[in-house]
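Undergrad: Submitted below is the structure of interest, expressed as C-alpha cells.
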There are 2 protein chains.
Amino acid sequence: MHLDAQLQTLCERIPGPAEAAAAAARQRLDSLTKPRHSLGQLESLLVRLSASTSVVCPTVNAPAVLLAAADHGVANEGVSAYPQVVTVQMVQNFLIGGAAINALAAEAGARIILVDAGVAGDLPNHPGLLRLGIRRGSGNIAREPAMHPDEARQAMLAGAQLVESAYTQSPGLDMLLLADMGIANTTPTAALTSAYTGAAPAETVGRGTGIDDAMLEQKRRVVTMALQRCGNPDRTTPALTLLSELGGLEIAVLAGATLAAAAQRIPILLDGYITTSAALVAAGLAPSVTTHLFASHRSAEPGHRLALEHLGLTVDAGAGPLLQLDLRLGEGSGAALALPLILSATRLMRNMATFGEAGVSDRDT
Amino acid sequence: MHLDAQLQTLCERIPGPAEAAAAAARQRLDSLTKPRHSLGQLESLLVRLSASTSVVCPTVNAPAVLLAAADHGVANEGVSAYPQVVTVQMVQNFLIGGAAINALAAEAGARIILVDAGVAGDLPNHPGLLRLGIRRGSGNIAREPAMHPDEARQAMLAGAQLVESAYTQSPGLDMLLLADMGIANTTPTAALTSAYTGAAPAETVGRGTGIDDAMLEQKRRVVTMALQRCGNPDRTTPALTLLSELGGLEIAVLAGATLAAAAQRIPILLDGYITTSAALVAAGLAPSVTTHLFASHRSAEPGHRLALEHLGLTVDAGAGPLLQLDLRLGEGSGAALALPLILSATRLMRNMATFGEAGVSDRDT
C-alpha cells in the first residue's frame, strides 16, 4: 500500500532538528539575566522551538487551530456517553462561537480553521466551514475498515493542502494547533495507540467524555475486536494501513496537516489523545516529524501518556507536556490553553536583557 | 506580641468562601456545551474564584504584580550562588524592563508594582520604584532576629497599604500576583516553612538558584541554627514572632498585601516558594485568607510542595498549582506565566454557550 507521490514528497522534505539554531538558543538562554536553567521546562521548550524553526528567537504571530470534525461508525457500538448527533451540533456551536475552543482561541489570539472532514449529519453551508466531501463518517472499525486507503490518502492530502494554503496566504501560519471533534473518536485513537505502542486495550482505552464502568468494558472489547479484525497490526504495519483500518477522517486530515507543517518547519502543537494519534500516524510515515511536535498537555486519558512517550514527548527528553490539568474536552482546548505559555516563552527569549546588557553579576564572572 | 489595631482589623475583615456564588458557578459549568468536568482542574479553579470573589463569572481586567525586593543578612553565611549585590542590580534591571518578569507581565497584561522593601545597596530615585525606608536588609537569622517586631508590622502595613491604594485608584486591582526578589531569600523561607509545617530543614532547604552540594549542606545548617536560636518555633508560635525572627522584609510586605487583598475578595496568585511563605504568615494571622489564595505553579524547590499542602493548595482539594515546569526563578515569573490560564478560564465561563443556547444534546437530556 503506497502513499501517492505528493504525500511521499512531503514526507521526504521534512527536516530534522536545526542544530546550530538550537545551540545558539541554548547559549542565549544562558546569557539572560536569570539563574541558569531557572526557567525549567520552558528552556528546553525554547531550544526545541529553535530546532524546529531554525530561528534562535522565534516569534508566533499567526497561530491557527486546525479543527477537524468527523463521525465514526463505531459510535453504533455504544462506546460514547453522547449520541452521534452531537458532532453536528458541536460543529454548529463552533460556527456560532459558543464552544470552549472559540473562547480559548480568541483569548490566545489564534484563528480557527474549521473543516468538516466527514461528519455524518447535515451541516449548513457557511463561509467558516470547509467541507471535504470524502465520505460521511467512517466505517465501524469493530466490523469493517474505517475507510478505503484512497479515502485516507484523500483526507491526508486535504489536511496538507489546508496547511499549505494557510501559510501561503495572509496572515500566514507559524504555529499549527491540532484540534478534533467527533463523537466516539477516542475509540479509533485507542486502537491506533495500541497498534503503535504495543499496549493492550486495557491500557489505551479510557473514559473519553465520561463513560461508566460497563461502557468502559464494552469500549475495550470493541477496540480488541477492531485490532483482531485486521490481524493485530503493530508499529511495523504501514501507517496508511493502520489509518484506513483503525483511524478516522479527522485523524487522517490532522496527520496530513502535520506532515505539511513539519515540512515547512512550522511547529505543531498537539492537543489531547486524538490529535496525538494523528501525530503517531504522521511519525509512522516520517519519523523526523517528531522534531516539530510539541505537547500542550497530558489529558486524563491514560493512553495519552503512552502515545506521547512513543513520540518522545516526555519531560526527561526535555519535551514534556506543558500542562497536566486533567482536561478531557478535545476541540484543541488544551493546545489553546498552552499557547500563551509558548508566547510568553518566546517573549522572554526576545526581550530579556543579558547579564552584560543589564550590568548584572553572573555567578561565574 | 500583638499586631497593631489596623492589621488586626484587616484580619478580622477577611471573608470566607462565598458559598452561593460557588454553587452557582458549579451549576453554570455543568450547563456549558462540554462534557461535565471535562475542563478538569480549571473547573475547580473557577469555582474557587467564585468563592473568593463572590462573582459567578468573574473577570480579571486589572491584575498587578506586587514585586517586593529586599536583602537578607543571612547571605553572609554563604547560602546563595549569587553575591548580595545582585539584588540591587536586579531591581535596576526591573526598572529598565530587562528581567523575566518584565516580559512575562507585559505578555499577560499585568502591571508591576515594584517596591524596595529593604534592599541593602544604593538604588536611584525612580518613579517606578516605591521605597519603604524601614531598614536596609534584614538581620542574619542564623545569629539574630531578621527584624524587630515593629519593623515587621511596619512592612506588613506598607504591603497592605500598597494593595489598598492599588484597588482604590485607576485601573483598580482584581487579581494580586505576589512576586519577590532577594538574594538568599529561600533561606528565611525554608526556616518559616519548617516552623509552619514541622518538616526538618533537610526537607525544606533546596538548591535555590542552583547551589552545589557543599552549599546545600551549609544552607541546611544555617536554617537549623536559625530555628534553634529562637527556640524551634512551630505553627503555634505567633505569626508576627515567626516573621520577625525568621522572615524577611519582602516576605513581610507580601504577607501584609495578602491580608489586604483577601479582605477585599481580591484573589491572590502565589508565585513560588518565597511568596508561599508570605502566605503561610498571612494564613497564620488569618486562616480564612486561604479562601483567596491560588497556586500558580509548583517550583523545583522541594519545600514548596510542603508549604502549598499546609495551605490546602493541592490537586485533591481542587486547588492544585496550575503549572509544574521546574521553574526556580522567582520575581513572580510563575504567577505571570499562569495568569493567562486564569484569563482563559474566566473567558470560558463568560463566553461559552449553554446546551440550551446552542441546541446541543446533553447526555442526560
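The numbers here are math on the coordinates, done by the rules we state, and not lab data. Model, not experiment: these values are computed from the prediction. A quick note on method: Cβ atoms are made from the backbone with ideal geometry, for glycine too, and the neighbour counts reach across all protein chains shown.
Undergrad: Find which of A:P233, A:A22, A:P340 sits farthest along the positive direction of the dipole of chain A, computed with +1 on the beta-carbon of Lys and Arg, -1 on that of Asp and Glu, about the Cα centre.
TA: A:A22
Undergrad: So, one more: Note down the Stokes-Einstein diffusion coefficient of the stretch B:134-184 in µm²/s, whole number, using a Kirkwood radius over alpha carbon pairs, 20 °C, and 1.002 mPa s.
TA: Once the numbers are plugged in, D ends up at 164 µm²/s.
Undergrad: In what sequence do B:D326, A:D180 fall when counting other Cβ within 10 Å, fewest first? Kindly include the intermediate steps, with their values, before the conclusion.
TA: On the way: B:D326 20, A:D180 28.
Arranged by neighbour count, lowest to highest, B:D326, A:D180 become B:D326, A:D180.
Undergrad: Tell me, what ³J(HN,Hα) does each residue in the stretch A:294-302 have, in order and in whole Hz, if you take phi through Karplus 6.51 cos²θ - 1.76 cosθ + 1.60 with θ = phi - 60° and put x for Gly and Pro?
TA: Using θ = phi - 60°, the values come out as 10, 8, 6, 7, 10, 7, 6, 6, x Hz.
Undergrad: Taking a spot 7 Å from the Cα of A:D150 along the direction of its beta carbon, which residues of the stretch A:241-269 have an amide N less than 14 Å from it?
TA: none
Undergrad: Let me ask something else. How far is A:D316 from itself in the other copies, in nm, if each label sits 7 Å out from Cα along the Cα-Cβ line, shortest first?
TA: Sorted ascending, the copy-to-copy spacings read 2.7 nm.
Undergrad: Something else about it: Which distances, shortest first and in nm, link A:T9 to the matching position in the other copies, using label points set 7 Å out along Cα to C-beta?
TA: 7.7
Undergrad: Using the 10 angstrom Cβ neighbour count as an exposure proxy, how do A:E245, B:E309 rank, fewest first? Don't jump to the answer; show the numbers that get you there.
TA: Numbers: A:E245 26, B:E309 14.
Listing A:E245, B:E309 from fewest to most nearby Cβ atoms yields B:E309, A:E245.
Undergrad: Only Lys, Arg, Asp and Glu count, each charged at its Cβ (+1, +1, -1, -1), so figure out the dipole size of the protein assembly as shown about its Cα centre, rounded to 20 debye.
TA: About 240 debye.
Undergrad: Please list, in order, the residues from the stretch A:242-280 whose amide nitrogen is less than 11 Å from a point placed 7 Å along the Cα→Cβ vector of A:S54.
TA: The answer is A:264-266, whose backbone nitrogens lie closer than 11 Å to the label point.
Undergrad: Right, here's the next one. What ranking of A:L311, A:L322 emerges when the number of other C-beta atoms within 10 Å of each C-beta is taken as an exposure proxy, fewest first?
TA: Ascending Cβ contact count within 10 Å gives the list A:L311, A:L322.
Undergrad: Using every Cα-Cα pair within the protein assembly as shown, state what percent have a distance larger than 40 Å.
TA: 34
Undergrad: Suppose we take every Cα in the stretch B:290-353 and form the convex hull; what volume per residue is that in Å³?
TA: 99
Undergrad: What span do the alpha-carbon atoms of the stretch B:220-365 cover on each of the three principal axes, reported in whole Å from largest to smallest?
TA: 67, 31, 27
Undergrad: Over the alpha carbons of the stretch A:1-144, what is the largest minus smallest coordinate on each principal axis, giving the biggest first in Å?
TA: Here the Cα extents, ordered largest to smallest, are 56, 41, 32 Å.
Undergrad: Hey, what's the per residue convex hull volume over the C-alpha atoms of chain B, in cubic angstrom?
TA: Once divided by residue count, the hull of chain B is 124 Å³.
Undergrad: About the Cα centre, and with charges only on the beta carbon of Lys, Arg (+1) and Asp, Glu (-1), how big is the dipole of chain A? Nearest 20 debye, please.
TA: Approximately 380 debye in magnitude.
Undergrad: Scan around B:I113 for amide H atoms under 5 Å from its own, H built in the peptide plane at 1.01 Å from N, and keep only partners 5 or more places away or cross-chain.
TA: B:V65, B:L66, B:L67
Undergrad: If you build a Gaussian network model of chain A, linking Cα atoms that sit under 10 Å apart, which residue out of A:L348, A:L45, A:L270 swings the most?
TA: Highest fluctuation of the listed residues: A:L348.
Undergrad: I've got another one for you. With respect to the axis carrying B onto A, what is the closest chain B residue by Cβ position, and how many angstrom separate it from the axis?
TA: Spelled out as residue then distance in Å, it is B:P340, 2.
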